[in-house]
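A.B. asks: Below is a structure I'd like to ask you about.
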Amino acid sequence: MAYKQVSSRSGGALSWFLQRVTGIVLLFVMIGHYILMHYNIDSGHTYDAVLSRMQNPFYKGLQMTFVVLGIYHGVNGTWSVVRDFDLNKSVSWTIYALLVISGVVFGLVGITTLMSF
Amino acid sequence: MELTVRIQRYDPEKDSAPHFENYKLENVNKTDRILDLLNRIKWEIDGGLTYRRSCTHGICGSDAVKINGRNRLACSVLVQDLKISKSTIQIEPIPALPLEKDLLVDMSSFFEKYEIVKPYLIPKDAPPERERYQTNEDAELLFESAKCIQCGSCSTSCPSLWVNENYIGPAAFLKAYRFIFDTRDDATAERLDLIDTTDGLWRCHTIFNCVEACPKEIDITWHISQLKKAALRREI
Ligand code: HEM
Ligand code: SF4
Ligand code: FES
């Protein structure tokens with residue numbers, strides 16, 4: 001077996017750390033999301049209820065955190081799985097570009113939607 | 001009792017692919033080791049059966065094989081330790097390494113990775129007149145990692161190695177830990193550089209297969225986490 005040693009610092013430490021940190025924050029944000037949005041008798045899902053909730057800065061902030069962290073965590077996590085495979089450079093760069101572009105696009109969609117309330 | 005041992009066989013001179021063969025054994029005791037069964041098959045039925053073993057006592061690490069789907073040492077598992085369905089025990093080579101013959105795999109890449117982490121003390125100072133001292137507490141940090149017998153059960157049980165043969169793997173990380181956390185060693189940064197790489201630490205996703213596989217019950221994932229934290233501390 002030809003074992004090729006890569007011995008340059010990969011910057012993997014930071015993305016590993018941020019994956020953990022955003023994961024932990026997401027855990028609480030997700031619990032909050034379910035309690036506040038789905039299991040709360042007061043929450044309601046009518047047009048008016050959603051509208052008034054989204055105008056509340058606390059909810060808006062919560063959803064904004066959710067969008068940004070969720071997308072970062074999802075994209076960074078998928079990239080870390082892609083890197084597990086011994087792919088050639090052009091394939092992994094293509095996947096990397098697609099991940100970053102889709103993250104930015106979905107992020108913008110999410111943020112502009114929230115800002116429109 | 002009577003047992004069927006189902007063994008993966010492969011003769012590179014005759015077979016195009018590995019296949020399984022069944023061997024019926026009578027008078028098997030519950031306290032027989034799996035290695036005893038392999039020996040009986042080799043000595044009584046087919047002298048061509050090829051596998052490694054040396055110490056027969058869980059010290060040399062040469063007889064790691066996959067027993068009923070798990071990487072284990074054939075000399076350290078008794079028949080009674082296994083949940084046996086249909087009186088059959090299945091034995092295969094450990095995965096992810098080039099197959100040479102029957103249960104024998106080529107361990108070269110495993111040991112190359114072990115060597116790249118520089119598995120020897122690199123101190124700054126010249127040797128003192130007598131030994132280099134350590135406190136008991138400092139030495140205790142190393143005891144668990146130093147129990148490793150280089151059997152390869154952990155690294156070859158890891159999905160990250162299955163999909164990328166360049167992944168350095170848990171056994172080499174454990175050895176890196178053993179020196180990085182040795183107070184007498186001064187090559188911490190150099191060693192961290194060697195494992196803080198794309199094929200290094202960050203391919204570990206805390207899957208715990210290594211911990212389940214290790215015959216010495218080393219909490220390998222804990223040791224890898226200490227290395228990840230040490231690598232992170234350099235960045236922030
Ligand atoms: C309860 C909230 C969550 C927690 C606590 C959490 C935690 C984690 C942690 C610790 C990792 C790193 C695993 C490793 O490589 O060692 C991870 C990976 C990952 N997460 Fe999350 N996560 C959460 C929610 C999410 C969500 C909502 C998504 C989807 C957007 C997601 C997608 C991913 C992906 C794709 C990976 C990479 C897979 C892997 O490394 O095994 N996670 N998560
Ligand atoms: S850590 Fe355990 S499983 Fe891995 S090589 Fe050492 S003894 Fe074998
Ligand atoms: S034969 Fe030495 S460890 Fe099993």
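A.B. asks: Filter segment B:111-130 down to the residues that are open to solvent by 60 Å² or more (accessible area, probe 1.4 Å), more than 14 Å from every other protein chain (Cβ to nearest Cβ) and modelled with pLDDT of 95 or more, then identify the one that is farthest from ligand 3 (Cβ to nearest atom). Let's see the steps before the verdict.
C.D. replies: Taking segment B:111-130 and keeping what is open to solvent by 60 Å² or more (accessible area, probe 1.4 Å), we get B:111-112, B:115, B:120-121, B:124-130.
Still in the list and also more than 14 Å from every other protein chain (Cβ to nearest Cβ): B:120-121, B:124-130.
Of the ones still in play, those that are also modelled with pLDDT of 95 or more are B:120-121.
On the way: B:Y120: 23, B:L121: 25 Å.
That would be B:L121.
A.B. asks: Condition check: within 16 Å of ligand 3 (Cβ to nearest atom) and part of a helix (DSSP H, G or I). Does B:C210 satisfy that?
C.D. replies: no
A.B. asks: Out of (1) within 15 Å of ligand 3 (Cβ to nearest atom); (2) open to solvent by 70 Å² or more (accessible area, probe 1.4 Å), what's the single condition that is false for B:G61?
C.D. replies: Of the numbered conditions (1) within 15 Å of ligand 3 (Cβ to nearest atom); (2) open to solvent by 70 Å² or more (accessible area, probe 1.4 Å), the odd one out for B:G61 is (2).
A.B. asks: Which condition number in (1) closer than 30 Å to A:G23 by Cα; (2) within 13 Å of chain A (Cβ to nearest Cβ); (3) open to solvent by 20 Å² or more (accessible area, probe 1.4 Å) is the one that B:E190 fails?
C.D. replies: Result: B:E190 passes all but (1).
A.B. asks: To continue, here is another question. Restricting the search to segment B:76-98, which residues are touching a residue at least 24 places away in the same chain (Cβ under 8 Å), open to solvent by 20 Å² or more (accessible area, probe 1.4 Å) and under 16 Å from the mean Cα position of the chain (by Cα)?
C.D. replies: B:S76, B:E92, B:P95, B:A96, B:L97
A.B. asks: Looking only at residues that are within 16 Å of ligand 3 (Cβ to nearest atom) and of a type in the set (S, T, N, Q) in segment B:131-154, which one is least open to solvent (accessible area, probe 1.4 Å)?
C.D. replies: In this case the residue turns out to be B:S153.
A.B. asks: Looking only at segment B:151-167, which residues are within 13 Å of the chain's Cα centre (by Cα) and either assigned to a helix (DSSP H, G or I) or within 22 Å of B:T188 (Cα to Cα) (or both)?
C.D. replies: Here is the first cut: in segment B:151-167, the ones within 13 Å of the chain's Cα centre (by Cα) are B:151-158, B:161.
Those that are within 13 Å of the chain's Cα centre (by Cα) and either assigned to a helix (DSSP H, G or I) or within 22 Å of B:T188 (Cα to Cα) (or both): B:S153, B:C154, B:S155, B:T156, B:L161.
A.B. asks: Does at least one position in segment B:39-51 carry a residue that is within 15 Å of ligand 3 (Cβ to nearest atom), surrounded by 14 or more Cβ atoms within 10 Å (Cβ to Cβ), among the charged types (D, E, K, R) and over 14 Å from the mean Cα position of the chain (by Cα)? Steps first, answer last, please.
C.D. replies: Here is the first cut: in segment B:39-51, the residues within 15 Å of ligand 3 (Cβ to nearest atom) are B:39, B:42, B:50-51.
Narrowing further to those that are surrounded by 14 or more Cβ atoms within 10 Å (Cβ to Cβ): B:39, B:42, B:50-51.
Imposing the further condition that a residue be among the charged types (D, E, K, R) reduces the set to B:42.
Applying the additional criterion that residues be over 14 Å from the mean Cα position of the chain (by Cα) yields B:42.
Within segment B:39-51, one or more residues are within 15 Å of ligand 3 (Cβ to nearest atom), surrounded by 14 or more Cβ atoms within 10 Å (Cβ to Cβ), among the charged types (D, E, K, R) and over 14 Å from the mean Cα position of the chain (by Cα).
A.B. asks: What tally of residues in segment B:173-202 results from selecting those that are within 16 Å of ligand 2 (Cβ to nearest atom), farther than 25 Å from B:C60 by Cβ and not in a loop (DSSP other than H, G, I, E, B)?
C.D. replies: Matching residues across segment B:173-202 total 3.
For every residue, the table says whether it meets (1) open to solvent by 40 Å² or more (accessible area, probe 1.4 Å); (2) at pLDDT below 85; (3) more than 30 Å from B:A189 (Cβ to Cβ).
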position	(1), (2), (3)
A:F17	yes, no, no
A:V21	yes, no, no
A:V29	no, no, yes
A:D42	yes, yes, yes
A:A49	no, yes, yes
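A.B. asks: Given the structure, is A:F117 assigned to a loop (DSSP other than H, G, I, E, B), within 14 Å of chain B (Cβ to nearest Cβ), surrounded by 11 or more Cβ atoms within 10 Å (Cβ to Cβ) and not basic (K, R)?
C.D. replies: Working: assigned to a loop (DSSP other than H, G, I, E, B): yes; within 14 Å of chain B (Cβ to nearest Cβ): no; surrounded by 11 or more Cβ atoms within 10 Å (Cβ to Cβ): yes; not basic (K, R): yes.
In short, no.
A.B. asks: Just for segment B:143-187: of the residues that are in contact with a helix residue (DSSP H, G or I) (Cβ under 8 Å, 6 or more places away or on another chain) and acidic (D, E), which one is farthest from the other protein chains (Cβ to nearest Cβ)?
C.D. replies: In this case the residue turns out to be B:E144.
The values are calculated or read from the model by the stated rules, or taken from the named source; none is laboratory data. If you're wondering where the values come from, they're calculated on a predicted model, not measured in any experiment. Don't worry about glycine lacking a Cβ; one is built from the backbone with ideal geometry, like all the others, and counts go over all protein chains shown. Ligands, DNA and RNA are excluded from the accessible area calculation, which covers all protein heavy atoms including side chains. Shrake-Rupley method; radii C 1.70, N 1.55, O 1.52, S 1.80 Å.
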